[in-house]
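Okay, so here's the structure we're looking at.
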Amino acid sequence: SSGINAEWPLRPGYFLECPTDTIVERLSLRRSDPVTGQQYHLIYNPPPSLEMKRRLKTHHKDAESAVDEDVLSYDSQVEELMDYYTTSQSVNADQDPHTVFESIESLLTKPLPKQALKATL
């Protein structure tokens, strides 16, 4: 085979599967403290004081409308990407971050055999 794939073979891709409302909640409620640079999430990692909460800023990419737009863009392209990355695997990202990390780490260190991978596609 010739072309770019012969020079740089594709590695498996990992697609994080997560409901849209969870994605919007996780991203649109992120905030940063301009004084300390500390990152917070209004539900999962709230600031320790009301004073700090009042000074938190939202990055323009975390605005709910921007997140919705990004999700729509992803949804319009994901099928084509999955077709292109034929050895890709999906990961349930609707779990706590540590569990998602462990799932990806497991796939990286102990990838599925090619026969099992083909059966899952």
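Based on this model, can you work out whether Ser65 counts as among the small types (Gly, Ala, Ser), assigned to a helix (DSSP H, G or I) and either touching a helix residue (DSSP H, G or I) at 6+ places or on another chain (Cβ under 6 Å) or loosely packed, with under 14 Cβ neighbours inside 10 Å (or both)?
Working: among the small types (Gly, Ala, Ser): yes; assigned to a helix (DSSP H, G or I): yes; either touching a helix residue (DSSP H, G or I) at 6+ places or on another chain (Cβ under 6 Å) or loosely packed, with under 14 Cβ neighbours inside 10 Å (or both): yes.
Answer is yes for this residue.
Provide a single number: the residues in the range 34-62 that are assigned to a strand (DSSP E or B) and not charged (D, E, K, R). Spell out how you get there, then give the answer.
Kept after step one, since they are assigned to a strand (DSSP E or B), are these residues of the range 34-62: 39-41, 45, 57.
Then drop every residue that is not not charged (D, E, K, R), which leaves 39-41, 45.
Adding up the residues that qualify gives 4.
Across the range 1-40, what is the number of residues that are more than 16 Å from the chain's Cα centre (by Cα), modelled with pLDDT of 95 or more and either closer than 26 Å to Thr86 by Cβ or loosely packed, with under 15 Cβ neighbours inside 10 Å (or both)?
The total comes to 6.
Of all the residues that make up the range 81-96, how many are open to solvent by 50 Å² or more (accessible area, probe 1.4 Å) and farther than 18 Å from Pro19 by Cα? Can you show your working first?
Restricting attention to the range 81-96, the residues satisfying the condition of being open to solvent by 50 Å² or more (accessible area, probe 1.4 Å) are 81-87, 90, 92, 94-96.
In the following step, the residues that additionally are farther than 18 Å from Pro19 by Cα were identified as 81, 83-87.
Residues flagged as open to solvent by 50 Å² or more (accessible area, probe 1.4 Å) and farther than 18 Å from Pro19 by Cα within the range 81-96 amount to 6.
Name, by its number, the condition in (1) modelled with pLDDT under 95; (2) open to solvent by less than 100 Å² (accessible area, probe 1.4 Å) that does not hold for Lys110.
(2)
The values are calculated or read from the model by the stated rules, or taken from the named source; none is laboratory data. Quantities reported herein were computed from a predicted structural model and do not represent experimental measurements. Don't worry about glycine lacking a Cβ; one is built from the backbone with ideal geometry, like all the others, and counts go over all protein chains shown. Ligands, DNA and RNA are stripped out before the accessible areas are found, and what is left, the full protein with its side chains, is counted by its heavy atoms. Shrake-Rupley method; radii C 1.70, N 1.55, O 1.52, S 1.80 Å.
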